[in-house]
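The structure appears right after this line, and notes come after that.
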Amino acid sequence: MKKFLTPVKVGLLAVMAAAGFFYAVSSLQRGNMSGDSYRVYAVLDDVLGLAKRSRVLMAGIEVGYIESIELVGHRARLNLRIKKDVPLFKDASLSKISESLIGDKLITLSPGKDTQNPLGDGGQIVNVYEETGVGAVFQKLNGITGDIGEVTKSLKSLLGDMERKDSIGGIMKRMNEIADNVTILTERVNDTVLRGSAKIDQILGDIAGVTSGTRSRYQDILDDIHATSSDLRRLVNNLNDIVGQGGNDWKESVGGIKETLEKVNRSLDNLDHISRKINEGDGTLGRLVNDDKLVDKAEGVLDDVSSVTGKLARLRTEIDLRTEFHIREGALKNYLALRLIPKSDKYYLFEVIDDPRGSVKVEKTCVSPEDCRNGGTQSITVTDDFKFSLEFFKRYYFLGLRFGIIENTGGLGANLFFFNDDLEFKLDLFQFGTNEFGEDSLPRLKLMMIYRPSWLANHVYMAAGGDDFFSLASDGHDTFDYFFGAGLHFDDEDLKSIFTAVGVPSVP
């Protein structure tokens, strides 16, 4: 009997083990949440790195898995199974991120804030954010490398030798010749200005002498003119009496003398009138002889002109061009900056920015008062508009502080300088209160490191950093990005050389 029971027990145990194994396999295939979960789906452009039963996370915690992946048209549909105790809403978002450096991907969810409209079984997650793949980045880098090769090839053909007028070498030779000519011209202008200043000082001295030391002499001359005109008038009157009392022959013989004397009399009257106006201070000559304030005003005007021209001569201008490649956005951000520098420790900055994120406009619409109280429906419009910055900078030793308008919003900034300004750290803090999507958020923080090698005369520099750090800690849109780039810097001397070589365009 024992020999019979032992094989039976072994057989029953094997049957039970096989049944348990098949049950476990079927449970894994169906998923351990089939009874306490619901399905949602999303449509992506690329699901490379994702697989069936890949994890779905929320805040780093697994809340579901990928049930299946289907091809719908030219896009991929992800069917997700989510735990029932994890609610999702209409404004929920889905992101595909890298799990490791070897290319594995996983799905993260954000539940959304529209608690009045839950996302039911079979609902679609509309807000999808896909991370740019390493392959796409390398593809863009390959394109940039090809462009750099074309540029170097073009530069090689353009440089040529120094004798060719259509080469950069020839242009540089011409620019050196023009610079030498400008130097000679400025020296001549300086000599002319110095000689002119000496002449102006001499003229002012003469005017001062006329209006002060020699005024008494001019007064004596005027008195003599009055006395002489009186004597001549009496002489003319006597001659008129003599001519009037003579006969006809005498009248005819001296008639010409009488006419001449009448003209002399009229001239003396005019001379007396002019001398009286000069003595009373009428007219330009009268004011020059009698008014001490005239010279003071002339000297004041010369001082004002000298002050204005001195400030303009000290004002320096700098132009800065910078391009940044944003990794997650996969696009270029371009800057054109103008600095007006009245002093070495401060400047005014005007900047035009071409941002690949564009200008975001958020509009809310609602169909009823209750819908308005619940937030309504948002529509987001992105336009490719330029952004502007206008800032004031003041430097204290190695620290520089800025404030003004940064990318169309009020903001603050700081700059730290090291190694004779070869190394610079730049911080921008702007977009306070709400982000560009109209959501309450922390300010937008941008950090950047700039290296200006002195062996390139600080004309070329490299930059790298990150943008919108605080968005990583917010519940809204994740707009954090990191970037690298380069820029060109021109000062007054560079601009003078360029304008001298190519000329200033004229307005037709």
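The values are calculated or read from the model by the stated rules, or taken from the named source; none is laboratory data. Keep in mind it's a predicted model, so treat the numbers as computed, not measured. Methodologically, a virtual Cβ is constructed for each residue, glycine included, from the backbone with ideal geometry; neighbour enumeration extends over all protein chains shown.
What residue, among those in the range 32-55 that are closer than 18 Å to Asp121 by Cβ, of a type outside the set (A, V, I, L, M) and assigned to a strand (DSSP E or B), is modelled with the highest pLDDT?
Among them, the one singled out is Tyr41.
Which ones in the range 56-94 are of a type in the set (Lys, Arg), surrounded by 15 or more Cβ atoms within 10 Å (Cβ to Cβ) and in a strand (DSSP E or B)?
Arg77, Arg81, Lys83
Which is surrounded by 11 or more Cβ atoms within 10 Å (Cβ to Cβ) and modelled with pLDDT of 90 or more, of Asp345, Asp355?
Unique residue meeting the criteria: Asp345.
Within the set of pairs 6 or more residues apart or between chains, which connect a residue that is at positive phi inside the range 397-422 to a residue that is assigned to a strand (DSSP E or B) and loosely packed, with under 13 Cβ neighbours inside 10 Å with Cβ atoms less than 6 Å apart?
Qualifying pairs under 6 Å: Gly404/Leu390; Gly404/Phe392.
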